[in-house]
Amino acid sequence: MISAIPTAARSIDEYREHAGDDLIEEIVSLAEPLRGSRILHLSAVPSRAGLSGTVSTLTSLSRDIGLAAEWRVIRTRPEQIVVNQALNRALNGYFIRWTPEMSDLWLGQGEENLGISPYDYDFIVLHDAELAGTVAGGSWLDRARGARWIWHCHSDASKAQPEVRDLLMSHTQQYHRRIISSTEQDPVGTYDACSMVPPTIDPLDLRNRDLPEKFVEMVLRCYGINPKRPFALSFLRDEQDVSVASHVIGGFRLAKEQVPELQLLVLVGDDASDSSDGANLAKGSAGRKNASPLFADLAGKTEGCRDVHLVPMPRGIGSVAINAFQQAAVAVIEGSEDEQLTMNLLEAMWKMRPVIVGKRSADRLSITDGHNGRVARLAEEIGRHIVRLAEPCLMAKIIGQAAREHVRESFLITRLLHEYLTILRELSGRKLVAVASAAAAN
């Protein structure tokens with residue numbers, strides 16, 4: 001079943017303060033020849049919270065600049081949801097016993113279930129790997145008529161299970177355009193009809209708005225953090241991060257030897273996960289019930305370790321709480337290179353928080369060590385950086401300011417809108433449906 005999703009009205013002018021007049025005017029200019037063209041964004045349910053926010057804002061801003069944009073979601077059956085979860089785990093590098101029956105269920109979310117005609121749109125953008133098989137029917141990709149199809153890959157498919165990657169490849173290479181975050185994330189492996197667009201954040205989202213200091217202190221105390229003492233923040237997604245988690249915990253232990261007042265808050269899991277650990281609780285027996293393998297492993301490693309606070313993420317923490325954590329931390333440590341958690345890093349940088357990342361993320365996000373962030377992976381390196389950042393110093397302030405400016409230039413939602421408009425203009429040629437002209441004629 002497909003459902004239309006209402007979006008809050010947003011004006012492109014609201015972003016001038018953050019993105020700058022030049023970019024906003026360029027966006028308006030790019031949109032002019034596309035005015036009236038019809039674009040449909042499709043995503044699956046359940047979907048990641050961060051992805052939903054991105055699509056909602058993108059749809060609203062597109063409308064504001066003259067496109068007839070809409071967002072719809074496909075609500076799948078329970079058995080299809082199970083297959084979709086397996087598909088995403090396989091894309092993230094886990095071994096999944098993938099069967100022909102699973103392929104059939106995956107393809108069952110295709111065109112016969114959409115209840116729409118591709119000839120009603122100029123562009124159709126699919127935002128989930130679960131929906132990539134929607135184009136199984138070749139007639140939908142008639143290049144002389146109908147919509148131009150775009151698949152926006154929001155997952156890192158560089159470690160994908162081969163048979164699942166090949167399944168995606170057989171369908172995604174049919175699209176008129178694929179959008180990926182980096183070349184290594186393309187499951188097709190050929191970069192024809194492919195555009196690279198980095199992840200972005202919305203500066204007006206609740207996760208990024210300035211919060212009153214008293215409110216931030218209240219949130220920290222709710223999770224056992226003393227707001228009068230420095231604390232580092234780390235996001236760890238799942239059991240694949242066990243080795244990384246060891247370096248984060250090890251780095252904290254080393255730093256605490258020199259900064260006894262130091263605290264560590266570790267958010268474990270994916271805040272937009274389909275699963276639920278069910279608790280927005282600090283470390284304790286209640287928080288461990290039904291916990292992920294990574295949470296259980298960390299609970300064992302940090303048993304008796306003073307000032308380490310573990311919080312299970314799935315469905316447990318709201319956007320405002322995450323905002324408060326990011327706003328108050330002396331440093332945010334990368335625990336996973338997953339794209340969803342990359343957005344958490346960008347949000348922290350926007351709040352002028354120094355981030356500590358691995359080399360791969362530093363390369364992908366153009367983070368220069370000592371300029372707009374710190375680059376480290378081993379415990380000794382992480383500990384050394386935490387010590388330097390835990391004390392109030394000019395270096396932390398300079399890095400934070402450079403980090404915010406870096407995000408402003410390259411990673412705001414307005415940049416994503418600009419890239420989308422560029423792609424739509426490239427794909428449109430002279431085949432746009434003249435909605436405005438047809439309406440005037442009637």
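The values are calculated or read from the model by the stated rules, or taken from the named source; none is laboratory data. Nothing here was measured: the structure is a model prediction, and the numbers come from that model. Because the Cβ atoms are built from the backbone with ideal geometry, glycine has one as well, and the counts that use them run over all protein chains shown. When the accessible area is computed, the model is the full protein with side chains, heavy atoms only, and any ligands, DNA or RNA have been set aside. Shrake-Rupley method; radii C 1.70, N 1.55, O 1.52, S 1.80 Å.
Pairs please, first residue from the stretch 174-197 and open to solvent by 10 Å² or more (accessible area, probe 1.4 Å) and at pLDDT 70 or above, second anywhere and part of a helix (DSSP H, G or I) and of a type in the set (Gly, Ala, Ser), Cβ atoms under 8 Å, 6+ apart in sequence or on different chains.
Hits for this filter: 174/138.
For the stretch 280-304, what are the residues that are modelled with pLDDT of 70 or more, surrounded by 15 or more Cβ atoms within 10 Å (Cβ to Cβ) and assigned to a loop (DSSP other than H, G, I, E, B)?
Hit for the stretch 280-304 is 302, nothing else.
Mind checking which residues of the stretch 198-210 are buried (at least 19 other Cβ atoms within 10 Å of the Cβ) and within 22 Å of residue 311 (Cβ to Cβ)?
Of everything in the stretch 198-210, those that are buried (at least 19 other Cβ atoms within 10 Å of the Cβ) and within 22 Å of residue 311 (Cβ to Cβ) turn out to be 201, 207, 208.
Name the single residue that is modelled with the highest pLDDT among those in the stretch 391-442 being hydroxyl-bearing (Ser, Thr, Tyr) and over 30 Å from residue 350 (Cβ atoms).
Checked the stretch 391-442; the qualifying residue modelled with the highest pLDDT is 428.
Which of (1) in a loop (DSSP other than H, G, I, E, B); (2) within 16 Å of the chain's Cα centre (by Cα) does residue 367 not meet, given it meets every other one?
Failing condition for residue 367: (2).
In the stretch 228-250, what residues are more than 26 Å from the chain's Cα centre (by Cα) and under 16 Å from residue 332 (Cα atoms)?
229, 230, 250
For (1) modelled with pLDDT of 95 or more; (2) closer than 25 Å to residue 237 by Cβ, each residue gets a yes or a no:
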| residue | (1), (2) |
| --- | --- |
| 5 | no, no |
| 12 | yes, no |
| 21 | yes, no |
| 46 | no, yes |
| 49 | no, yes |
| 53 | no, yes |
| 69 | yes, no |
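Within the stretch 344-353, is even one residue open to solvent by 10 Å² or more (accessible area, probe 1.4 Å) and farther than 20 Å from residue 217 by Cα?
no
For residue 277, are the conditions met, namely being open to solvent by 20 Å² or more (accessible area, probe 1.4 Å), under 18 Å from residue 223 (Cα atoms), part of a loop (DSSP other than H, G, I, E, B) and at pLDDT below 80?
Yes: the conditions hold for residue 277.
Which of the residues belonging to the stretch 296-326 are within 26 Å of the chain's Cα centre (by Cα), farther than 13 Å from residue 220 by Cβ and among the small types (Gly, Ala, Ser)?
296, 316, 318, 319 - these are the residues of the stretch 296-326 that are within 26 Å of the chain's Cα centre (by Cα), farther than 13 Å from residue 220 by Cβ and among the small types (Gly, Ala, Ser).
What number of residues in the stretch 39-69 are within 14 Å of residue 420 (Cβ to Cβ), more than 17 Å from the chain's Cα centre (by Cα) and of a type outside the set (S, T, N, Q)?
The qualifying residues number 9.
Output the number of residues of the stretch 211-246 satisfying the condition of being part of a loop (DSSP other than H, G, I, E, B), under 28 Å from residue 366 (Cβ atoms) and at pLDDT below 95.
Of the residues in the stretch 211-246, 2 are part of a loop (DSSP other than H, G, I, E, B), under 28 Å from residue 366 (Cβ atoms) and at pLDDT below 95.
Please go through the stretch 368-412 and give me each residue that is over 29 Å from residue 22 (Cβ atoms), crowded, with 22+ Cβ neighbours inside 10 Å and not small (Gly, Ala, Ser), ordered by number.
Within the stretch 368-412, 374, 382, 385, 386, 389 meet the criteria.
If a residue must be open to solvent by 10 Å² or more (accessible area, probe 1.4 Å) and modelled with pLDDT of 85 or more, how many such residues does the stretch 307-343 contain?
9
Hey, can you tell me all the residues within the stretch 9-45 that are open to solvent by 70 Å² or more (accessible area, probe 1.4 Å) and within 26 Å of residue 203 (Cβ to Cβ)?
Scanning the stretch 9-45 gives 9, 13, 14, 17, 21, 22, 25, 26, 29, 32, 35.
Okay, residues lined up against (1) assigned to a helix (DSSP H, G or I); (2) at pLDDT 95 or above:
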| site | (1), (2) |
| --- | --- |
| 24 | yes, yes |
| 43 | no, no |
| 59 | yes, yes |
| 88 | yes, no |
| 98 | no, no |
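Anything in the stretch 247-261 that is open to solvent by less than 20 Å² (accessible area, probe 1.4 Å) and not in a helix (DSSP H, G or I)? List them, or say none.
259
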